[in-house]
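The values are calculated or read from the model by the stated rules, or taken from the named source; none is laboratory data. Worth saying up front: this structure is predicted, and the values here are computed from it rather than measured. Every residue, glycine among them, receives a Cβ derived from its backbone with ideal geometry; neighbour counts consider all protein chains shown.
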Amino acid sequence: MKKVIFALFFIFVNLNLISALQIELNENYSLGESFIAKVSGNFYTPLNITQVKFYRGNVETSFGFISIDKIEGNYYISTSVPPEKITGEYSFRIINAQYFIGNNFTNENVIKNFIIINKTAFVQVLPSLEILEEYLYNITLKNLNPTRIDVNYNVEGEPARIVSLDSGETKKINFQSIGGKEFKNIFYSYGGETYSSLVYVNLPLNGEPINWMINETDPEGNETEENETGKNWWEILFGSGEKNETEEENEILPNDTDSNYSIEENNSNNELRTCLELALSICDDGQKCEGTLVDGKDTQCCDGSCVPKSSDSSLWSTIGWIILGISALFLAWFFKFKFSRTRRTSSFTRR
């Protein structure tokens with residue numbers, strides 16, 4: 001009999017533990033570090049942002065903008081530890097939320113403590129948790145270091161890349177997902193330290209990811225400029241008859257930024273994708289690509305901005321024809337004047 005009572009008590013206690021509200025978060029956080037708390041339990045009413053609180057001691061404090069998302073039955077509260085926060089002991093609290101314990105529901109507050117240590121992360125990541133709605137997405141990084149840094153970053157299970165940030169500089173870095181349904185960590189490393197943010201993917205599988213490579217500025221950009229200034233006077237005045245409209249559309253101009261971004265598609269079947277699938281622009285007939293041209297399935301795509309074609313050539317051509325017309329009129333006047341003067345001299349001699 002005692003064994004039966006003990007077994008029932010054991011089941012009842014475990015049922016309560018399973019049904020009670022659970023909070024998962026890190027014990028320590030650096031200033032500027034991503035903060036993500038997982039809250040799981042059987043809620044009687046949905047959890048909302050007004051029931052999520054941060055405290056320093058017994059005093060409520062603000063952590064700035066906070067997101068709350070429900071993913072696969074659990075709530076994820078995400079933010080970033082403000083770099084200006086005072087270090088010390090803090091608590092994360094769920095206030096007045098209604099949830100089940102066993103067969104009954106309660107609104108008892110749930111508290112989880114953590115510490116903000118006296119250390120600043122080298123980079124602040126926004127958002128801390130990204131829920132993908134599209135295959136292409138970006139993350140914003142801000143350098144919290146007093147000096148320039150080169151940050152190594154990579155999605156879990158993928159090759160690492162590097163982005164350079166000046167002190168206080170903010171940059172967006174681009175990613176592409178191949179779809180699926182899973183959580184993925186993105187790691188950021190510098191000077192032997194590593195921080196992370198979280199991505200939730202819930203998209204149909206869509207082939208291989210694009211490999212975004214950051215290249216240094218193309219040294220051939222100067223060569224293009226030299227060829228422009230090396231034209232002869234006829235080409236400057238009237239334009240080059242050899243360069244047709246198609247070649248103008250395919251002309252690649254050096255980018256004004258420090259780095260040019262080229263796209264290389266790793267596809268085992270070597271199948272091209274459309275510009276829409278690559279999320280790139282298609283320039284109209286009266287435009288040219290100020291960036292890098294990429295071969296697409298339907299046409300050439302522009303990884304950059306489509307800008308109106310330069311009208312310098314047509315302007316110089318018009319000026320050239322005007323000068324030529326003026327020269328012809330001058331020659332006609334000159335010969336006419338000379339001829340009429342010769343006739344007058346001949347008439348005077350006869351007399």
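Here's a check for you: in the range 109-133, which residue that is in a loop (DSSP other than H, G, I, E, B) and at pLDDT 95 or above is surrounded by the fewest Cβ atoms within 10 Å (Cβ to Cβ)?
Among them, the one singled out is Asn109.
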| Does Ile173 meet the test of being surrounded by 14 or more Cβ atoms within 10 Å (Cβ to Cβ), over 30 Å from Tyr44 (Cβ atoms) and touching an Asp or Glu at 6+ places or on another chain (Cβ under 8 Å)? | no
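Residue check: is Asn211 surrounded by 12 or more Cβ atoms within 10 Å (Cβ to Cβ) and either in contact with a Cys (Cβ under 7 Å, 6 or more places away or on another chain) or modelled with pLDDT of 95 or more (or both)?
Numbers: surrounded by 12 or more Cβ atoms within 10 Å (Cβ to Cβ): yes; either in contact with a Cys (Cβ under 7 Å, 6 or more places away or on another chain) or modelled with pLDDT of 95 or more (or both): no.
No: the conditions fail for Asn211.
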